[in-house]
Amino acid sequence: MKRFAIITFLAILATVANAQRPGYWQQHVDYKMDVEVDENNYKYQGDMVLKYTNNSNKELPKIYFHLYFNAFQPGSMMDYRLSNIKDPDARMTTNIGTKENPKYQSRIAVLTPEQIGYQKVNKLSVNGQPASFKVDGTILEVTLSQPIKREETATIEMQWEAQVPEQIRRSGRNSKEGVALSMAQWYPKMAQFDDFGWHLDEYVAREFIAPFGNFDVTIHLNKDYVVGASGKLQNPTQVKGYDRKAKITSQNGKATWNFKAENIHDFVWAADPKFVVDSAKSNGGVTIYTVFLPTNKQVKENWATALSLSTEFFDFCGSHFGAYPWSTYSIIQGGDGGMEYGTATLITGGRDIKSLVGVIFHEAAHSWYQQLFGINETVDEWFDEGFTSYIEELAFQNVFEKKGALESNPVINAYRAYYKLALSGKEEPMSLLADYYDTNYAYGNEAYNKGQVLAEQLGYIIGKDNLQKTFLRFYELWKFKHPTPNDFKRVAEEVSGVNLKWYFNLFTNTTRTIDYAIDRVTDTEIHLTNKSNFAMPLDILVEYEDGSKELFYIPLREMRGEKPVENLSIYQGIERTTLEDWFWTNPNYAIKVTKKPVKVQIDPSLRLADIESTDNNYNKK
Ligand SMILES: [Zn+2]
């Protein structure tokens, strides 16, 4: 008994070690920033001391930063992208044609020098030595006089000045809803260096990747403003909004705000004189803040309801996807539809309650698939957006709609959107870099919908319980790190004992689609055909003439394993018979039956992403 326990323990240890990449390393940042804001001219001066730890196996002769505000200038890569993509983001363009015959103009193209965004570095030193640097678009390249050695922590000091652009996307001044300052991508941000190399993507409006670290941010701003930000406010008694008994201290009309955040990779803030702050605590101990414009009674009511539901959201996600590890989360009204940052989100606020809760749940779900697992959104956009949308959907049905036990396929709408995409001719392999999609339509559907299909269909392959276990195991292994889809696949393989190489390759690197059919049914046999070049395991539900039912399970040989019997309500009381496996080189398969079938169904749970489902059912006439 004891010996057995030791072997099991060693086996678990070995699995844990194997699941992470051997030799895995990641860089570390510690930012201390001080900004002096001139809110009348939408400008600010920034001071940064950044401690950058090189945990890589290389010396670094150069380092890079992102200067995102530079994208909001006529002639930038973002401007050209807007002018040339077939279906530009409506928020970022103006229709100067007619409704029937639209002609879209990039809003960036017409920005005046007073309206553009910029970040200008005035002074930069590394370990006390001045460093030479150059700027190309949104990338700052720094050449060091001495390379940063392995395991060295370099001190980078920088002074910069910036102008906040007109609100176009994510960041900006005076948003449509009237928020004065939405400050995302506002500081020179250390670029990501990992075992794939430097990630130096220009900002063309897609998303982000950065090293984990700590932030200590001090903001000097007009004392009448209220600030919402990442992390935890250190001096609530000296500033407006957070503490009823606060004694606002100011100098030259400016209050000083200090926020600290630990182990995040993006820091956001927003400010407005009309902001109000509310807060509540989840059972799990997360303090959730809402910072918004209370424009009318309905808006106030919606935000109060949303705050209370958000506490439930964090408890739901904690138990299903791993505990939220930070002490705070701030839901801040900002200029954009919705975007996730470390322990905070900026969202638009004048929404109906369903939409407001939906966007909050989505952005807060990114606390797992983005902030906690630092997924590279420029490379693995579907892993980030798809898995986030998956969590959002589950939480929404559970917490908002109070559905309780979720149906066998809770994300059927994502499947429908994916089928439409697959049949549109616009699909590209979803392993494509996020920036490069020909259309926003394909990017959006692949990242958000096909990514969800990948997750739910994985549950179909390895079993619903194994999917649940995979999520929790993945959390233990990869929180505060930078996992790739392959890391998730490896955890799923180890949890389930099923080989998944074929599934991840075909579903992410190709646009192949799945299409099975019931070919013919006799009194003794059911003939199945794989009409596609994508083989999958099959669940087949058969109803016999005598009214009895049987579930057949045909594993795929490449799986080298089977999923356990699943406890789905639709299969309640039905015996499962596991058949001999099928393999992809053979398009045909026959099931022998001893009773006369009257009804046959391929995957009644609808988790198999079969793009042509009319031939998935047989009913004897
Ligand atoms: Zn998202």
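The values are calculated or read from the model by the stated rules, or taken from the named source; none is laboratory data. What you see is a predicted model, and the numbers here were worked out from it, not measured in a lab. So basically every Cβ, Gly included, is an ideal-geometry build from the backbone, and we count neighbours across all protein chains shown. All accessible areas refer to the heavy atoms of the entire protein, side chains included, with ligands and DNA or RNA removed. Shrake-Rupley method; radii C 1.70, N 1.55, O 1.52, S 1.80 Å.
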Please report the Cα spread of region 417-558 along all three principal axes, rounded to whole Å, starting with the longest.
-> 55, 38, 24
Rounded to the nearest 0.05, what FRET efficiency is calculated for Ser308 and Gln251 with R0 set to 51 Å and r the Cβ-Cβ distance?
-> 0.85
Rounded FRET efficiency, nearest 0.05, which uses the C-beta distance separating Lys402 from Lys99 and R0 of 60 Å | 0.90
Might you work out the accessible area of His527 for me, using a 1.4 Å probe with all protein chains in place, and round it to the nearest 10 Å²?
-> 30 Å²
Taking only protein heavy atoms and a 1.4 Å probe, the highest-to-lowest accessible-area order of Asp243, Asp487, Asp615 is Asp243, Asp615, Asp487
Peptides 252-258, 295-301: what's the order by average Cβ count within 10 Å, highest mean first?
-> 252-258, 295-301
If the limit is 30 Å between Cα atoms, which of Lys354/Lys489; Lys403/Lys563; Lys232/Lys479; Lys62/Lys479; Lys58/Lys489 go over it?
-> Lys354/Lys489
Ignoring ligands, DNA and RNA, what percent of the accessible area of region 339-459 is carbon or sulfur (1.4 Å)?
-> 52 percent
Separation of the Lys120 and Ile412 label points, Cα + 7 Å toward Cβ, nm = 5.9 nm
May I ask you to list the residues of region 420-457 whose amide nitrogen lies under 18 Å from a point 7 Å from Cα along the Cα→beta-carbon direction of Ile570?
-> 453-457
If the chain between Glu476 and Ile353 were fully stretched, how many nm would it gain, using 0.36 nm times the residue separation less the Cα-Cα distance?
-> 40.9 nm
Of the peptides 166-177, 340-351, 552-563, how do they stack up when ordered by the mean number of other Cβ atoms within 10 Å, highest first?
-> 340-351, 166-177, 552-563
Give the Kirkwood hydrodynamic radius (Å, one decimal) of region 252-302, defined as one over the mean of 1/r across all pairs of different Cα atoms.
-> 13.9 Å
Considering only the chain, what is the antiparallel percent among its DSSP beta bridges, to the nearest 5?
-> 80 percent
If every Lys and Arg gets +1 and every Asp and Glu gets -1 at its Cβ, then about the Cα centre region 500-621 yields a dipole, in debye to the nearest 20, of 120 debye
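Skip the ligands, DNA and RNA, and give the accessible area per residue of region 470-621 with a 1.4 Å probe, whole Å².
So region 470-621 comes to 46 Å² accessible per residue, rounded to a whole number.
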Within a Cβ distance under 13 Å of Thr484, other residues only, what is the Lys/Arg minus Asp/Glu net charge?
-> -3
How big is region 508-621 on each of its three principal axes, counting only the C-alpha atoms and giving the largest first in Å?
-> 45, 29, 22
In square nanometres, what is one fourth of the surface area of the convex hull spanned by the alpha carbons of the chain?
-> 33.0 nm²
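As a check on your grasp of the helix formula, calculate [θ] at 222 nm for the chain: sum -39500 (n - 2.57) over DSSP H runs of n ≥ 4, divide by the residue count, round to the nearest 500.
-7500 deg cm²/dmol
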Relative to the longest principal Cα axis of the chain, at what angle does helix 485-496 sit, 0 to 90 degrees, rounded to 10?
-> 40 degrees
Could you check what % of the DSSP bridge pairs in region 256-379 are antiparallel, to the nearest 5?
-> 55 percent
Identify, among Val498, Val565, Cys317, the residue whose Cα sits farthest towards the positive end of the charge dipole of the chain, taking +1 on the Cβ of Lys and Arg and -1 on the Cβ of Asp and Glu, with the dipole about the Cα centre.
-> Cys317
Surface share of carbon and sulfur [accessible, 1.4 angstrom probe, percent] for region 474-621 | 46 percent
Out of all DSSP beta bridges with both ends in region 538-621, state the antiparallel percent to the nearest 5.
-> 80 percent
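Measure off, as a whole percent, the carbon and sulfur share of the 1.4 Å-probe accessible area of region 238-326, all protein chains present.
Ligands and nucleic acids excluded, carbon and sulfur reach 45 percent.
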The local net charge around Thr218, scoring Lys/Arg +1 and Asp/Glu -1 for residues other than Thr218 whose Cβ lies under 13 Å from its Cβ, equals -1
Skip the ligands, DNA and RNA, and give the accessible area per residue of region 119-278 with a 1.4 Å probe, whole Å².
-> 41 Å²
Farthest towards the positive end of the dipole of the chain, among Gly75, Asn586, Pro130 and with Cβ unit charges of +1 on Lys and Arg and -1 on Asp and Glu, lies the Cα of Pro130
Using the beta-carbon distance between Asn84 and Thr594 and R0 = 51 Å, what value does 1/(1 + (r/R0)^6) give for FRET efficiency, to the nearest 0.05?
-> 0.20
Radius 10 Å from Cβ of His66, net charge of other residues (Lys, Arg +1; Asp, Glu -1) | -1
